[in-house]
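In what follows, a structure is listed as structure tokens, so that the remarks can point back to it.
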Amino acid sequence: MVGVNPRPKSLKGDYMKKFKNSKITLFIVFLLPTCLVFSTFILYPIFSTFINSFFDWSGLSANKTFIGLTNYINLFQDSSFKATLVNNLYVIITSVLFQIPLGLVLALVIVKNNVRNKLLSIIYFLPYLLSTMAVGLVWTLFYDPYFGVVNNALKWIGVENWQITWLADPKTALIAVLIVVVWFYAPFYMVILRAALVGVPKSLYEAADIDGASKTQQFFKITLPTIKPTLVTSSILSIVGSLKSFDIFYIMTNGGPGTSTELVGTYMYKQAFVNYKMGYASSIAFVMFLITLLVSVFVKTFNRRRGQA
Amino acid sequence: MKTINKLLNNSIAFLLAIVMGYPLLYVVSTSLKPLNDYFTEPVKLFSALSLENYKYVIDMGFHVFFKNSLLITFFSVIVTVLLATMASYALVKLDFKFNKILSLLFIAGMMIPVHATLIPIFNLEKNIYIYNRLIGVALPLIAFSLPISIFIVSQFMRDIPNELVEAAKMDGASEYQTFWGIFFPLLKPAISTIVIYTGVKIWNEFIFSLVLLNDVEKYTIPLGLQQFYGEFSVNVPALLAAIFTATIPVISIFLILQDKFVKSLTGGAVKG
């Protein structure tokens, strides 16, 4: 049977093979699914957010009224929005000034490879394993005025008049949440910076020892300059990350009291899904997108120039 | 002088261990206190050892949240691995016309804040009836996991010599056979990185679940915890038992695969 009519069969096989290996089929199999998911859930939404920002729209009905730039004009006269920008700036500054230094201190403590440090590095990394929800809830309990660890500790060391309702007081709420943010993300920078510290050539320290340089001098003259690129990368990561912060603030204070801890992200969420002003919220979301984009582009070009110099 | 330095170093190390480790210790210790003991001794560590809160958490139906989070995480991670490895293969080893633009586009995707996409995704999912379904949470999570995953796999893929492709083709292997037979097994280290990285991120994810799920029985663990907190904010020990239960999988994987785990969680970000 096999030998009787081989030609049509092999032709069909060839055709199938050609079809299977054609560029179009390869594209459909290997890239199309990714492109579809990416455009449906990232590209299209960004575009749609941009369009929606020109409409008065509750999101509850299909009724959309084109209002031009009104949302943006309102946005820049909105004092709450200004407050969110200022608060976001605080998050950025705290992240760079405290998260990274704390990460560096943690990294310096565990930089030598021994049993003690192996154990310590596990303990130091623990916060980063928790979900933002777990972190937010646990620290909310910590700040509880009566049962909370913070006020009980203050009582224990004898400064009872420092006991305040940390998260309910507009003066302390932001600082209280920022402490949590620093604590939560520091382990991440610890790991990155430890890798950089391990990479500093030992010979540099040996030479400095011979020259009689103190440990402090060595740290400022050798360690810091050598790990500077990693410090810059860490700062970039923490700036871009801070622009997007949402979870811990939403969970612990939901932006309050007043607008004292309101961020661009939490404000946008409120306008969209609590107040049902989806058009207005879209303009906030789009401004957030633009700021992130600008910062990223700025950082990229700045980095490139630095690389060439 | 040397002993003073050593003492100083040890005390700083110990102090930091308390600052970083105390909250989790507090979670474990308080979760083992019956409610009455908590009211009399709210702060003291391990003043009681009882598992009744864990029983309570299970009775309250916490395993439903656990199941939902598991389903979303498994599905998203598997699909992300498949899509990211195949896309990277096409972008790095097959020369399509749009490869350069697509690569740039995917990398740019890493910078996009999820907030800028929430409203359209919410409305889209209502229109195509995947709102309030686990798949509706998984899909955007996959989309946002893809850029970093493609980035990690592509970098790894570039280091695999092209001669392997040519040799395979000489032997008559199709692109599919080359990919599955040769590349996929070689990509193991990159795949394990993205499995750990996206797995932990998705397990702990909050905002998409918050916006896209409505019924309590669909809730993921973070939403479930919030629900617990709202309903029994008085029963702190039970809440902490739930929190620790939710963290056990991540901590176990961390303790088993420590070095790999740490590298995965940070490695991807450093290069970005």
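The values are calculated or read from the model by the stated rules, or taken from the named source; none is laboratory data. Everything numeric here is computed off the predicted structure, so don't read it as measured data. As a convention, Cβ positions derive from the backbone with ideal geometry for all residues, glycine included, and neighbour counts pool all protein chains shown.
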Take the conditions touching a residue at least 12 places away in the same chain (Cβ under 8 Å) and not charged (D, E, K, R) and apply them to B:Leu225. Does it pass? yes
Between B:Glu175, B:Glu231, B:Glu217, B:Glu166, which is surrounded by 14 or more Cβ atoms within 10 Å (Cβ to Cβ) and of a type in the set (D, E, K, R)? B:Glu175
Please indicate, with yes or no, whether at least one residue in the range A:240-256 is more than 9 Å from chain B (Cβ to nearest Cβ), farther than 30 Å from B:Leu265 by Cβ and surrounded by fewer than 21 Cβ atoms within 10 Å (Cβ to Cβ). yes
Test A:Ala176 against the stated conditions and say whether it is small (Gly, Ala, Ser), part of a helix (DSSP H, G or I) and more than 25 Å from B:Ile248 (Cα to Cα). yes
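If I filter the range B:74-96 down to residues being part of a loop (DSSP other than H, G, I, E, B) and at the interface with chain A (Cβ under 9 Å from one of its Cβ atoms), which single residue comes out as surrounded by the most Cβ atoms within 10 Å (Cβ to Cβ)?
Taking the range B:74-96 and keeping what is part of a loop (DSSP other than H, G, I, E, B), we get B:94-96.
Subset that is at the interface with chain A (Cβ under 9 Å from one of its Cβ atoms): B:94, B:96.
Details: B:Leu94: 17, B:Phe96: 15.
Out of the qualifying residues, it is B:Leu94.
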Being within 14 Å of another protein chain (Cβ to nearest Cβ) and part of a helix (DSSP H, G or I) is the filter here; which residues of the range B:162-192 pass it? B:Val165, B:Ala168, B:Lys169, B:Glu175, B:Tyr176, B:Gln177, B:Thr178, B:Phe179, B:Trp180, B:Phe183, B:Phe184
Considering the range B:1-34 alone, what residues qualify as being more than 12 Å from chain A (Cβ to nearest Cβ) and in a helix (DSSP H, G or I)? B:Thr3, B:Ile4, B:Leu7
How many residues of the range A:213-253 are assigned to a loop (DSSP other than H, G, I, E, B), modelled with pLDDT of 90 or more and farther than 21 Å from A:Val287 by Cβ? The answer is 1
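Scan the range B:214-224 and give yes if some residue there is closer than 28 Å to A:Pro187 by Cβ, part of a helix (DSSP H, G or I), more than 10 Å from chain A (Cβ to nearest Cβ) and within 14 Å of the chain's Cα centre (by Cα), otherwise no. Steps first, answer last, please.
We begin by selecting, within the range B:214-224, every residue closer than 28 Å to A:Pro187 by Cβ; these are B:219-224.
Now restrict to residues that are part of a helix (DSSP H, G or I): B:221-224.
Retained after the next criterion (residues that are more than 10 Å from chain A (Cβ to nearest Cβ)): none.
Checked against the condition, which is being closer than 28 Å to A:Pro187 by Cβ, part of a helix (DSSP H, G or I), more than 10 Å from chain A (Cβ to nearest Cβ) and within 14 Å of the chain's Cα centre (by Cα), the range B:214-224 yields no hits at all.
May I ask you to list the residues in the range A:187-212 that are part of a loop (DSSP other than H, G, I, E, B), of a type outside the set (A, V, I, L, M, F, W, C) and under 19 Å from A:Asn113 (Cβ atoms)?
As a first pass, look at the range A:187-212 and keep what is part of a loop (DSSP other than H, G, I, E, B): A:199-201, A:211-212.
From what's left, of a type outside the set (A, V, I, L, M, F, W, C): A:199, A:201, A:211-212.
A:Gly199, A:Pro201 - these are the residues of the range A:187-212 that are part of a loop (DSSP other than H, G, I, E, B), of a type outside the set (A, V, I, L, M, F, W, C) and under 19 Å from A:Asn113 (Cβ atoms).
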Among the numbered criteria (1) in a helix (DSSP H, G or I); (2) closer than 27 Å to A:Ala285 by Cα, which one does B:Pro113 miss? (1)
Taking the range B:35-65 and keeping residues in a helix (DSSP H, G or I), out of contact with any Ser or Thr (no Cβ under 7 Å at 6 or more places or on another chain) and within 13 Å of chain A (Cβ to nearest Cβ) leaves B:Leu35, B:Phe39, B:Thr40
With the requirement that a residue be surrounded by fewer than 24 Cβ atoms within 10 Å (Cβ to Cβ) and of a type in the set (Gly, Ala, Ser), what does the range B:55-73 give you? B:Gly61
Go through the range A:100-122 residue by residue and tally those that are crowded, with 22+ Cβ neighbours inside 10 Å, within 13 Å of chain B (Cβ to nearest Cβ) and under 18 Å from A:Val180 (Cβ atoms). 2
State all residues of the range B:97-110 that are over 29 Å from B:Leu134 (Cα atoms), within 10 Å of chain A (Cβ to nearest Cβ) and either modelled with pLDDT of 90 or more or assigned to a helix (DSSP H, G or I) (or both); if no residue qualifies, say none. B:Asn99
In the range B:126-144, residue surrounded by the most Cβ atoms within 10 Å (Cβ to Cβ) [restricted to those that are more than 10 Å from chain A (Cβ to nearest Cβ) and either among the aromatic types (Phe, Trp, Tyr) or in a helix (DSSP H, G or I) (or both)]: B:Val137
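For (1) under 25 Å from A:Phe38 (Cβ atoms); (2) modelled with pLDDT of 95 or more; (3) touching a helix residue (DSSP H, G or I) at 6+ places or on another chain (Cβ under 7 Å), each residue gets a yes or a no:
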{"site": "B:Tyr26", "(1), (2), (3)": "no, no, yes"}
{"site": "B:Asn36", "(1), (2), (3)": "no, no, no"}
{"site": "B:Leu45", "(1), (2), (3)": "no, no, yes"}
{"site": "B:Tyr56", "(1), (2), (3)": "no, no, yes"}
{"site": "B:Asp59", "(1), (2), (3)": "no, no, no"}
{"site": "B:Lys67", "(1), (2), (3)": "no, yes, no"}
{"site": "B:Leu71", "(1), (2), (3)": "yes, yes, yes"}
{"site": "B:Val77", "(1), (2), (3)": "yes, yes, yes"}
Considering only the range A:268-280, I want to know if a residue exists there that is under 26 Å from A:Val182 (Cβ atoms), at pLDDT 95 or above and not basic (Lys, Arg). yes
What number goes with the only condition from (1) more than 9 Å from chain B (Cβ to nearest Cβ); (2) out of contact with any Asp or Glu (no Cβ under 8 Å at 6 or more places or on another chain); (3) part of a helix (DSSP H, G or I); (4) modelled with pLDDT of 90 or more that A:Val135 does not pass? (1)
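Would you please name the residue that is surrounded by the most Cβ atoms within 10 Å (Cβ to Cβ), looking only at residues in the range A:54-78 that are touching a residue at least 24 places away in the same chain (Cβ under 8 Å) and not in a loop (DSSP other than H, G, I, E, B)? Lay out the reasoning, then the answer.
Let us first name the residues in the range A:54-78 that are touching a residue at least 24 places away in the same chain (Cβ under 8 Å), namely A:54-60, A:64, A:67, A:71-72, A:74-75.
Cutting the leftovers down to not in a loop (DSSP other than H, G, I, E, B) gives us A:55-57, A:64, A:71-72, A:74-75.
On the way: A:Phe55: 19, A:Asp56: 15, A:Trp57: 25, A:Lys64: 16, A:Asn71: 23, A:Tyr72: 16, A:Asn74: 14, A:Leu75: 19.
The residue in question is A:Trp57.
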